Amino acid sequence: VQLQASGGGLVQAGGSLRLSCAASGRSFSSYRMGWFRQAPGKEREFVSGISGNAGSTYYADSVKGRFTISRDNAKNTVYLQMNSLKPEDTAVYYCAAAARAYVSIRRDGYDYWGQGTLVTVSS
C-alpha cells in the first residue's frame, strides 16, 4: 500500500483545512486508517483514526470537536477536516494504514505511512 497525503498549507488561526490521503492497492475498506502529526522537536502523536467500514472513529482530546475524519472507500481516500485551527496544530501531518479492522491510536498499530503534509497555523 502506498499513501499520498495532500492538502496542507498556511492558514490563520480559526481557519480550516482539509487533508486528503489517497491509497493505492486493493481492499482499501479492510484497512484501518489514521492521521498522526509531528511538530518540530516533538514526538509523532496520534490525531485521529477510522475503522475500515467507517463505523468507528477516534480522536485525540486536543482535536476533539474541531477535527473530523472520514473516508470514501470507493475512492480509496481518507480525509481529515480541520476546523478552528490553532497555532499549536502546526505540524507535519502523516496518514497511516494497516490491514486490520479496528481503530488504533498507537504508532505501531500501522504498517504503512505517507510522506506527510505540512500544516502551518499563524496566530
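What to note about this one:
- Distant alpha-carbon pairs in the chain (separation over 20 angstrom), percent: 34 percent
- Remark on Tyr112: its backbone amide H falls under 5 Å from those of Ala97, a criterion applied only to residues 5 or more positions apart or on other chains, H modelled at 1.01 Å from N.
- Beta bridges per DSSP, both residues in the chain: antiparallel share near 90 percent.
- Here each label is just a point 7 Å from Cα along the line to Cβ, and for Ala13 and Ala74 those points are 4.1 nm apart.
- Taking amide H as placed 1.01 Å from N in the peptide plane, the amide H of Gly9 sits under 5 Å from that of Val119, Thr120, each at least 5 places away or on another chain.
- Counted by Cβ distance under 15 Å from Gly109, the other residues give a net charge of +2, where Lys and Arg count +1 and Asp and Glu count -1.
- Length gained when the stretch Ser6-Asp111 is fully extended (0.36 nm per residue, less Cα-Cα span): 35.9 nm
- Table column - 3J(HN,Hα) (Hz), segment 78-93, Karplus curve with 6.51, -1.76, 1.60, x for Gly and Pro: 10, 10, 9, 7, 10, 10, 6, 5, 10, x, 6, 7, 4, 4, 8, 9
- Per residue accessible area in Å² of the chain, where ligands, DNA and RNA are left out and the probe is 1.4 Å: 51 Å²
- Farthest positive-ward along the chain dipole, Cα basis, beta-carbon charges - from Ser27, Phe67, Gly8: Ser27
- Sparsely packed trypsin sites (Lys or Arg not before Pro) within segment 1-61, loop by DSSP, other Cβ within 10 Å at most 13: Arg26, Lys42
- Scaled to the globular estimate 2.2 N^0.38 Å, the Cα spread of segment 59-123, given as radius of gyration, is 1.20.
The values are calculated or read from the model by the stated rules, or taken from the named source; none is laboratory data. Everything numeric here is computed off the predicted structure, so don't read it as measured data. Note that each Cβ is placed from the backbone with ideal geometry, even for glycine, and that neighbours are counted across all protein chains shown. Surface areas here come from the heavy atoms of the whole protein model, side chains and all, with no ligands, DNA or RNA. Shrake-Rupley method; radii C 1.70, N 1.55, O 1.52, S 1.80 Å.
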